[in-house]
1. When residues of segment 197-214 are filtered for being part of a helix (DSSP H, G or I) and without any contact (Cβ under 8 Å) to a residue 60 or more places away in the chain, how many remain?
2. Being among the basic types (Lys, Arg) and in contact with a helix residue (DSSP H, G or I) (Cβ under 8 Å, 6 or more places away or on another chain) is the filter here, so list the residues in segment 183-211 that pass it.
3. Being surrounded by fewer than 16 Cβ atoms within 10 Å (Cβ to Cβ) and modelled with pLDDT of 90 or more is true for just one of Lys138, Lys160. Which residue is that?
4. Check segment 179-190 and report whether any residue there is touching a strand residue (DSSP E or B) at 6+ places or on another chain (Cβ under 8 Å), modelled with pLDDT of 85 or more, loosely packed, with under 11 Cβ neighbours inside 10 Å and farther than 17 Å from His108 by Cα.
5. Among the candidates Val111, Val146, single out the residue that is in a strand (DSSP E or B) and either closer than 26 Å to Ser32 by Cα or at pLDDT 90 or above (or both).
6. Name the single residue that is surrounded by the fewest Cβ atoms within 10 Å (Cβ to Cβ) among those in segment 37-82 being part of a helix (DSSP H, G or I) and among the polar types (S, T, N, Q).
Amino acid sequence: PPTKLHRKETKMKIVTNKKLIQRNRKVGQILSIASLAVLGVGMYMSFQPQLLSYSFLALIVGFMVSQIGIYYGNRWGRSPRPDEQITAALKGLDDRYTLYHYIAPTAHLLVGPAGVWALLPYAQKGKITYQNGKWKQKGGSLYLKVFAQEGLGRPDMEIKGALEDMKKFYANQLQGTALPTQAAMVFTNPKVELETTEAPVPAVKADKLKDFIRKNAKEGSKVMTPDVVKQLTTALPEFDVEVIKGDVK
């Protein structure tokens with residue numbers, strides 16, 4: 001039998017919409033510059049009493065544009081981006097898995113023996129808890145939560161939306177074939193602490209994600225046979241994307 005040194009090893013297939021990432025990165029840069037310009041105009045007008053009402057309007061608009069720019073910057077401009085962090089967390093999965101970034105109805109989708117997983121990344125730090133049907137975040141800077149969008153938000157609504165989008169996709173692209181799709185929250189900040197045993201969906205740290213997926217592979221393989229995987233991956237578009245395959249060693 002082949003030894004470990006001679007055994008062929010293949011890597012997970014990664015499909016990433018590079019054009020979308022580049023476009024949204026530019027949008028974030030433009031919005032950030034525009035917000036500074038609008039805020040500057042608002043500050044200038046604030047020193048002129050006859051323009052005071054316009055000054056308030058400019059400051060409000062500038063702040064709103066800056067928040068959109070921060071959102072785009074956090075998601076598309078910084079490296080490692082969420083897609084890069086998820087890819088790194090799943091490094092080591094074999095070629096039975098395909099990871100989609102910004103291709104499927106949900107931003108990050110993993111398809112393979114573990115089933116279909118919508119992976120929702122969160123960069124928050126502090127203590128994340130789920131109790132009495134509510135998500136809470138303790139710790140971290142209030143200023144950053146308000147002005148840098150580092151608050152936890154509403155994970156329940158995001159998860160619900162991701163799963164509903166996948167159901168619509170199945171109805172439209174797979175002739176009504178309903179594949180069981182699960183969601184997992186992936187926390188990428190190493191300074192996060194999780195107390196989420198009561199949560200309706202799994203919440204895992206990024207460094208534990210690969211082990212979590214492998215543990216679910218046995219159950220998922222009962223549904224995700226090779227034929228089903230092929231049917232789903234064929235339905236997902238691959239135009240305007242970069243397909244990365246690991247070399248066979």
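The values are calculated or read from the model by the stated rules, or taken from the named source; none is laboratory data. Model, not experiment: these values are computed from the prediction. Cβ atoms come from the backbone with ideal geometry, glycine included; neighbour counts cover every protein chain shown.
1. Within segment 197-214, the subset part of a helix (DSSP H, G or I) is 206-214.
Then drop every residue that is not without any contact (Cβ under 8 Å) to a residue 60 or more places away in the chain, which leaves 208, 211-212.
So the count comes out to 3.
2. Lys210
3. None of the other options fit; the residue is Lys160.
4. Checking segment 179-190: at least one residue is touching a strand residue (DSSP E or B) at 6+ places or on another chain (Cβ under 8 Å), modelled with pLDDT of 85 or more, loosely packed, with under 11 Cβ neighbours inside 10 Å and farther than 17 Å from His108 by Cα.
5. Every option except Val111 fails the conditions.
6. Among those residues, the one meeting the criterion is Gln50.
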